[in-house]
Amino acid sequence: MIHSYFEPYKTKMVELIHLSSAEERKNWIEEARYNLFNLRSEQVMIDLLTDSGTGAMSDSQWAAIMTGDESYAGSSSYEHLRDTIREITGFEYFLPTHQGRAAENVLFSVLVKKGNIVPGNSHFDTTKGHIEYRDAEAVDCSVEEAFDLNSRDPFKGNVDLGKMEKILKEHPASDIPLIIMTLTCNTTGGQPVSMENLRAVSRLAKQYGIKLFIDGARFAENAWFIKTREAGYKNKTIREIVREMFSYADGMTMSSKKDGLVNIGGFIGFRDETLFREATTFNIMFEGFITYGGMAGRDMNALAVGLRESTTEKYLEARTRQVTLLGEMITKLGIPVIQPYGGHAIFVEALGFLPHVPREEFPAQTLAIELYVEAGVRGVEIGALMADRDPVTRKNRFPDLETVRLAIPRRVYSDNHMKAVAEGLHRVWQRRDTIRHGLHIVHEAPILRHFTVELEKVKP
Ligand code: F0G
């Protein structure tokens, strides 16, 4: 008997997609200065720009929206969310924020000072931005496998313990306010961190008297990979794995727009009351009073339900299965992608795809533009544009990986949409040898430039 897989949910409401032609898209992207962030949503047919805040909420989440308590102080929605976060993560204290980078801003306002060093696996760009903004340095201690396209290591999000210990030995603990482990590691391809690695980092952190924080934006997807890839976890529940992951940390920052299954929101979790109190002052200044911190009561309610839904096996199976499906379709066409496939996205390797485009002409951005014009699919460049200039030399930084990320929103697209993405990419692949020139910058911001950069096509 053939056993057909089906998603453990069905559709109750639909949003129409605006269809467009390649000719229209060619004009739109020129008007948008070859920056995909400048496009209007109706100019995009399948939007894989990000999995952040783009997911579909469940009917239970929408029902919870209706019972939100909008009291300025002492809201029951806050209490409900606090109890859920305590239960799922084990962190006793929490502060709501309006999104993940706001959590970083509040936490780093307490902890990170000029000249400090913040080691971890590859930091996400807003995390790095908030560290560098404070004239501190984010040091990437990722394992070498993370940058090796031939490696199929199941936990490419891990840190190299030798690299990390070297940093901890070379600098006094007073210069290292915290270690940040990003789960899963977005920058290197949505790759997970193993429980073993997390445990070892925690041991190192304790040994050197340094705090360990988890950037938990995709913590549930990380837990799924531990369950399915790491020895000893097959029979544990996702909730048990999640509790163990967070047990190794002193706190967490969270972008609830990912594994919180909501469209906006974030939080900081703390084990220590003193640090929580210090951060509270900044939260009140930047985000709002402790019991809402930039979130509406109804949004806190929806997040509490979302955290429960995202930490179930059935949900995570459907989620990772669809990402894998897209990865397999693209791989079968011979197109180079980062493997193993990430938890939230497929990362197409642009240097292998467009070998004729020089790195100075941004091959990944060039590929993302070609895919958009070809198929109306919007991905995002994770390469030299996003890597910004070196804060000291102001020279372009060329990261080891130059990729186009196709991030899949949660519970939004069908497998047919994934098929259309693979087909569009295939059409670009077939004419790849004709693509010999990329883009050059005409305007850029000093930091996080990829959001607002303006580009022009390099003329042959
Ligand atoms: N940490 C990680 C690992 C992230 O991926 C993001 C956001 C943030 C922190 C910041 O959270 O957006 O809520 O302020 N990533 C999005 C992305 C933007 O497209 O990957 P935020």
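The values are calculated or read from the model by the stated rules, or taken from the named source; none is laboratory data. Source: prediction; values computed, not measured. We place every Cβ from the backbone using ideal geometry, glycine too, and count neighbours over all the protein chains shown.
Here are the numbers for this structure:
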quantity	calculated
Strands (runs of 3 or more DSSP E) contained in segment 387-460 and holding at least 1 residues modelled with pLDDT of 95 or more and more than 16 Å from the ligand (Cβ to nearest atom)	439-443, 454-457
Unique residue being in contact with a Phe, Trp or Tyr (Cβ under 8 Å, 6 or more places away or on another chain), part of a helix (DSSP H, G or I) and touching a residue at least 24 places away in the same chain (Cβ under 8 Å) when the list is Ile330, Ile241, Ile268	Ile241
Subset of segment 39-60 (residues that are within 16 Å of the ligand (Cβ to nearest atom) and polar (S, T, N, Q))	Ser41, Thr50, Ser52, Thr54
Members of segment 29-38 found to be in contact (Cβ under 8 Å) with a residue 60 or more places away in the chain, of a type in the set (A, V, I, L, M) and more than 16 Å from the ligand (Cβ to nearest atom), listed by number	Ile29
Identity of the residue in segment 85-107, in contact (Cβ under 8 Å) with a residue 12 or more places away in the chain and among the charged types (D, E, K, R), that ends up nearest to the ligand (Cβ to nearest atom)	Arg101
Matching entry among Arg239, Arg229, Arg271, Arg277 (being in contact with a Gly (Cβ under 7 Å, 6 or more places away or on another chain) and either farther than 18 Å from Arg82 by Cα or more than 16 Å from the ligand (Cβ to nearest atom) (or both))	Arg271
Residue in segment 43-65 that is over 19 Å from Ser256 (Cα atoms), in a loop (DSSP other than H, G, I, E, B), modelled with pLDDT of 95 or more and charged (D, E, K, R) present	no
Subset tally (residues that are over 20 Å from the mean Cα position of the chain (by Cα) and outside any loop (DSSP other than H, G, I, E, B)) for segment 16-37	10
Flag for Phe398 being over 21 Å from Val337 (Cα atoms), of a type in the set (Phe, Trp, Tyr) and under 23 Å from the mean Cα position of the chain (by Cα)	no
Qualifying residue in segment 150-159 (condition: basic (Lys, Arg), surrounded by fewer than 21 Cβ atoms within 10 Å (Cβ to Cβ) and farther than 24 Å from Val348 by Cα)	no
Segment 248-268: number of residues that are more than 10 Å from the ligand (Cβ to nearest atom) and more than 19 Å from Thr312 (Cα to Cα)	8
Positions within segment 359-384 being in a loop (DSSP other than H, G, I, E, B) and modelled with pLDDT of 95 or more, in sequence order	Phe362, Gly376, Gly379
Total residues in segment 103-122, condition closer than 19 Å to Pro446 by Cβ and touching a Gly at 6+ places or on another chain (Cβ under 9 Å)	1
Selection status of Val421, farther than 18 Å from Thr50 by Cα and of a type in the set (Val, Ile, Thr)	no
Segment 220-255, residues that are aromatic (Phe, Trp, Tyr) and over 20 Å from Phe270 (Cβ atoms)	Trp224, Phe225, Tyr233
Enumeration of residues in segment 276-308 that are in a helix (DSSP H, G or I), within 16 Å of Ile264 (Cα to Cα) and among the acidic types (Asp, Glu)	Asp299
Members of segment 73-100 that are among the β-branched types (Val, Ile, Thr) and over 19 Å from Ala249 (Cα atoms)	Thr97
Odd one out for Asn35 among (1) in the same structural domain as Asn416 (by TED's automatic domain parsing); (2) modelled with pLDDT under 95	(2)
Output for segment 409-460, where each listed residue is of a type in the set (Val, Ile, Thr) and under 22 Å from the mean Cα position of the chain (by Cα)	Val412, Val421, Ile447, Thr452, Val453
Filter result for Ser310 (out of contact with any Leu (no Cβ under 7 Å at 6 or more places or on another chain), modelled with pLDDT of 95 or more, within 16 Å of the ligand (Cβ to nearest atom) and of a type in the set (S, T, N, Q))	no
